[in-house]
Amino acid sequence: MDSKVALVTGGGSGIGRAVAMALAAEGYRLVLAGRNLDTLEETAAMLDSASDQALCVVTDVTDKSTVDDLFEKIDAHYGRLDLLFNNAGTGVGAPIEELAEEDWLAVINTNLNGAFWCLQGAFAMMKNQKPMGGRIINNGSISADRPRPNSIAYTASKHAVNGLTKSASLEGRQYNIACGQIDIGNADSGMGHKVSNGALQADGSRKDEPLMSMTDVGRAIVYMDSLPLESNVQFMTVMATKMPYIGRG
């Protein structure tokens, strides 16, 4: 079989871009999905040996029709999919009583519904391709069971992603589909960088928190997919060593 085909959602920036670069360095053929074509093409231009293979597809994961179109394009272009890094996500910080309906829905529609549409599309493709199977890695979060203040929408959505991962892991067995999850703590991404400049703590104080390199997140994804499909990293936590974590202390 030729080099693996990997789909990275949210591939135009941050963790998605870092993971795409790490996979390209290992010889993967890439599909980059996101809402902004310019940033996707910026990522594609940064890839090394696989840069000429990168397929950029404008996709809004909250819109199932565009997700369906994404998988149709992958099938037409590559004919198979070996890895989905289900990464697209967003967050809104607000106290519970102040969280606007549109902000709640934006987070749930992206982090939960969008993750499901992409997982569903990957499942359908992987179970019918030859050789059958593949790997799905969902981008979860430490916040799923160790929430920060003012993060109820993000935390609820990522707690639900835990359920997606476990259900997909179970149902994927018969199709040789391995589904795992990576929970990333304080990566130096656009979303994560804010904590280095004073993050709200459970006691109401604000503290600067350390960050980890996004390069290490890419290395973690490469490792998870380096295993044969007979083996699976069900859940991995990769984080800045000195960040608040256990008990958020």
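Only the coordinates and a few stated rules stand behind these numbers; no lab work does. If you're wondering where the values come from, they're calculated on a predicted model, not measured in any experiment. As a convention, Cβ positions derive from the backbone with ideal geometry for all residues, glycine included, and neighbour counts pool all protein chains shown.
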Check your understanding: In angstroms, what radius of gyration and Dmax does the range 64-173 have, counting Cα atoms only?
Key -> 15.5, 51
Practice item. Select one label from (1) 16.3, 51; (2) 19.7, 67; (3) 17.4, 55: the one whose number is Rg and Dmax of the Cα atoms in Å as derived from the coordinates shown. Key: (3)
Point to revise | Spatially proximal lysines relative to LYS158 (Cα-Cα < 20 Å; intrachain offsets below 8 disregarded) | key: LYS64, LYS166, LYS194
Study note, to complete from the structure: Distance in nm between HIS77 and ALA100 label points, each 7 Å along Cα→Cβ, equals 3.4 nm
Practice item. Could you pull out every one of the lysines with an alpha carbon less than 19 Å from that of LYS130, ignoring same-chain neighbours closer than 8 positions? Key: LYS4, LYS73
**Study point:** Projected label distance in nm at GLN234 and ASN176, using a 7 Å step from Cα toward the beta-carbon
**Key:** 2.3 nm
Check your understanding: Is any residue of the range 53-93 close enough, with backbone N under 19 Å, to a label point placed 7 angstrom from the Cα of ARG248 along the Cα-Cβ axis, and if so, which?
Key -> 90-93
**Study point:** Pairwise label distance in nanometres, SER213 with VAL92, each label 7 Å out on the Cα-Cβ vector
**Key:** 3.6 nm
Review point. Relative contact order (percent) for the range 104-235, with alpha-carbon contacts under 8 angstrom and 6 or more residues of separation?
Key: 25 percent
Check your understanding: Where does helix 115-128 land angle-wise versus the long Cα axis of the chain, in degrees 0 to 90, nearest 10?
Key -> 20 degrees
